[in-house]
Amino acid sequence: MTGLDESATTTAGLAAEGRLRSFVRVRAGGLPGAFWVLWGGSLVNRLGAMVNPFLSLYLTGARHVPVATVGWVLAVGGAGAVISQPLGGFLADRFGRRAALTGGMLANGATLLVLGSARSLPVLIAACFVLGITLDLFRPAAQALVADAVPAADRTRAYGLLLWAVNLGFSIAMVLGGYLAAHGFGLLFWLDAGACTAFGVLVWLAVPETRPALREGSAGGFGTVLRDRVMVAFAGLIVLYAVVFQQAFTTLPLAMTATGMSSGAYGTVMAVNGLVVLAAQPLIGHRLDGRDKSRLLALGFAVAAAGNAVAATATSAVHYGLAVAIATLGEILVFAVTAAVVADLAPPALRGRYNGLIGMAWGTGFLIAPVVGTRLLVVGPTVLWLSCAALSLLAALGQLALAPALRRRAPR
């Protein structure tokens, strides 16, 4: 190789390195260290999160609970989820983000071990209820931590990066979880509990407390949150989407196994969700900052409707995978922008409680989803998925109607 060739090769290498640094800086640069600890902990947690997606299969397969009864057992878990995030939000505002997040993770890990060893139906029901409470107890603290630590202009990007980490772990966990579920469920519970513990301990050791110092008379309670009509209306729209979103974890595995597909096929189809997020979020996440949040949310709800419409005609794992891929594009928008909207609406001293209310909206949707979804599935999968598409479109229209009020509350 001549000196000229070596110089050209070196120049090309430096240019490629510069482009890579620019790619990473635009998408991930400028965010504080506390955020990256939370990002890493979320990744670890989701790598082990194998129980919830396979819970309906665990109940029907390992514990022989009838399908109709499973809907009610999961609904009891949904009732716990309604309590979970308001409680977590109170704890985050009252005792701090670190204590609420770590305590929630440790409680969730202990509950998973109890559920995995349960045999009788009453114990299964009680464990599912407590699991519903502890599953997302950490989430308001995590969302408030991001709002505390990340400037408003970067929050949509930061929440999108968290979604990316969650789905990186989720895509791996679904494939591994599908394999393990086909050979027994015991290890799923131990791995999930271990991941919860690791996340909680990591945050406790490495994340400084970010809760803003309270000025006298500046605090409030859930009454303040509930009097915020814009926030309550927004939470109502999230309930509609949550009912649709949760079908992927309650009725989709039942619909697939009813047509002769295995738990492994379901795990592979759901891994598509994580893979789409991994591929798409780095391409679009940094482009969301500064755009109208209501239009982005309405678009996300509409894309979710399209995914469910495709599922209405699905007859194979590949077809279901396509439906999940489409719906996931909507999910990317909904999850990143929802958290940023709540950060816009919440006073700093009440960020935990505001996130608790939006979490309660998710929990309410998760409570409704298995009861309604399993009954619609009995009528027929086409009815189920078209109903989900209709609910998603209703949420999109509601979001456009709420848009002017949200724009008035957005930070300038």
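So the values come out like this:
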{"read-out": "3J(HN,Hα) from dihedral phi, segment 342-351, Karplus parametrisation 6.51/-1.76/1.60, rounded to Hz, x for glycine, proline", "value": "4, 4, 5, 7, 8, x, x, 6, 10, 4"}
{"read-out": "Relative contact order, percent, the chain [alpha-carbon distance under 8 Å, six or more residues apart]", "value": "27"}
{"read-out": "Convex hull (Cα only) mean projected area of the chain, reported in nm² to one decimal", "value": "22.4"}
{"read-out": "Surrounding net charge for Asp192, when Lys and Arg each add one and Asp and Glu each subtract one, Cβ distance under 15 Å", "value": "0"}
{"read-out": "Total formal charge among the other residues, if their Cβ is under 15 angstrom from that of Val303, Lys/Arg +1 and Asp/Glu -1", "value": "0"}
{"read-out": "Debye equation applied to the C-alpha atoms of segment 131-203, log10 I(q)/I(0) at 0.11, 0.17, 0.18, 0.25 Å⁻¹", "value": "-0.38, -0.81, -0.89, -1.26"}
{"read-out": "Separation of the Asp292 and Ala233 label points, Cα + 7 Å toward Cβ, nm", "value": "1.5"}
{"read-out": "Amide H contacts under 5 Å for Met261, placed H, 5+ residues apart", "value": "none"}
{"read-out": "For the chain, accessible area per residue (1.4 Å probe, heavy atoms of protein chains only), Å²", "value": "41"}
{"read-out": "Using alpha carbons only: equivalent-ellipsoid semi-axes of segment 294-391, gyration tensor based, whole Å", "value": "29, 17, 9"}
{"read-out": "Heavy-atom accessible area order for Val123, Val37, largest first, 1.4 Å probe", "value": "Val123, Val37"}
{"read-out": "Charge context of Asn45, other residues only, Cβ under 14 angstrom, K/R +1, D/E -1", "value": "0"}
{"read-out": "222 nm mean residue ellipticity, helices alone, for the chain (DSSP H n ≥ 4; -39,500 (n - 2.57); rounded to 500)", "value": "-27000 deg cm²/dmol"}
{"read-out": "Probe 1.4 Å - accessible area at His64, Å² to nearest ten", "value": "140"}
{"read-out": "Most to least accessible of Trp36, Trp190, Trp164, Trp72 (protein chains only, probe 1.4 Å)", "value": "Trp190, Trp72, Trp36, Trp164"}
{"read-out": "Unit charges on C-beta of K, R, D, E only; dipole of the chain, Debye", "value": "880"}
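The values are calculated or read from the model by the stated rules, or taken from the named source; none is laboratory data. As the structure is a prediction and not an experimental result, all values here were calculated from the model. As a convention, Cβ positions derive from the backbone with ideal geometry for all residues, glycine included, and neighbour counts pool all protein chains shown. Accessible surface is based on the protein model in full, side chains and every heavy atom, while ligands, DNA and RNA are left aside. Shrake-Rupley method; radii C 1.70, N 1.55, O 1.52, S 1.80 Å.
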